[in-house]
Amino acid sequence: MRAARLIKMVLLLQSRPSMTAAELARELEVSERTVTRDAQALSEAGVPVYADRGRAGGYRLIGGYRTRLTGLARGEAEALFLSGVPGALREMGLEDAASAARLKVSAALLPSLGDAPRTAAQRFHLDAPAWFSEPSTPESLSAVAEAVWEDRPVLARYRRGGPGGTDVERELEPYGLVLKAGVWYLCARVAEHAGPGPGSFRVYRVDRFTSVQISGRRGPGERFTRDAGFDLPAFWEERAEQFARSILCAEVVVRLSAEGARRLPYTVDPASARDALSAGGEPDERGRVTVTLAVESAEVAHTQLSALGPEAEVLAPPELRARFARDARRLGAMYSASP
């Protein structure tokens, strides 16, 4: 424990010109007295730690000392690539590994590049959760993340159909995690001897796992062999598009003004809007184009197309057009009266 703390102290001093006892105590989570004893121990071991006394004093390394204890462990190097997603690191239990990796990299940088970590952090930040939603960490996330990092099969119970749904048990080979708008998804392959769909890749919402047991039915410590051709970003893009299209099971016919056509991709599913506009033909004499739009349902279409106001006229189905007509009459009566 103390050896790890001494190494961290050297790395901290190597990454900065100097640090006060209070700063070191805060970083190392010890008392200032312990910092003094550790500095003495390092000095006795041949590490040139120098203490500047006085109000502006502190500890520093002298003589251009550089430790060779800066090699990145595999887990630290992998976590470093996620360092722009601090919330995700915490949720997966990788915050300590990422912190150690950043510290080692800072210590290994040339003095002229010492401000690189700070300037990068001030110029880029990823805020993954969606607006107007409370992000929550699934209970099984840390276990799933561990299985992903170590290529361990898991025996998982998964709740189908949301709250109140039935649980099913699957042995899975976890390939990768995706954080989409604050929701965690696991991309996994169903184990060859499991069913249904052995050997197929599927996507699971992590918050629907009711239990996750690493190693599944196999022996302790056993790992699965990854498919070298699996590409997580490409797989997710394909499945996300399939999902988006699978829920678009209804159609509406809409006549759009030029402004309505411009705003349509921001109002409904962008892929559906692109397909509809590309097949819409030429505008009429009033500059309006008629399109057939794939939507999730008439109810959803009503909510989405209402945002376009007079820039969109619903032609079919009749019941949806009648609903918009009622809305128009209500709006007309509302705005014809004095406020």
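Overview of values
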read-out	value
Fully extended contour minus Cα-Cα distance, from Glu285 to Glu95, at 0.36 nm per residue	62.3 nm
Per residue value of the accessible surface for region 221-339 (all protein chains in place, 1.4 Å probe), Å²	64 Å²
Cubic angstrom per residue, convex hull over Cα atoms of region 181-326	162 Å³
Residue-count net charge about Ser272 - beta-carbon cut-off 13 Å; Lys, Arg +1, Asp, Glu -1	-3
Convex hull per residue volume in Å³, alpha carbons only, for region 16-65	78 Å³
Surface share of carbon and sulfur [accessible, 1.4 angstrom probe, percent] for region 295-339	60 percent
Mean shadow area of region 1-43 over all directions, Cα convex hull, nm²	2.7 nm²
Ser336 paired with Ala322, simple spin-label distance in nm, labels 7 Å along Cα-to-beta-carbon	2.2 nm
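The values are calculated or read from the model by the stated rules, or taken from the named source; none is laboratory data. Keep in mind the model is a prediction, meaning the values are calculated, not measured. Positions of Cβ are backbone-derived with ideal geometry, glycine not excepted, and every protein chain shown enters the neighbour counts. Protein only, heavy atoms only, side chains kept; ligands, DNA and RNA dropped before computing areas. Shrake-Rupley method; radii C 1.70, N 1.55, O 1.52, S 1.80 Å.
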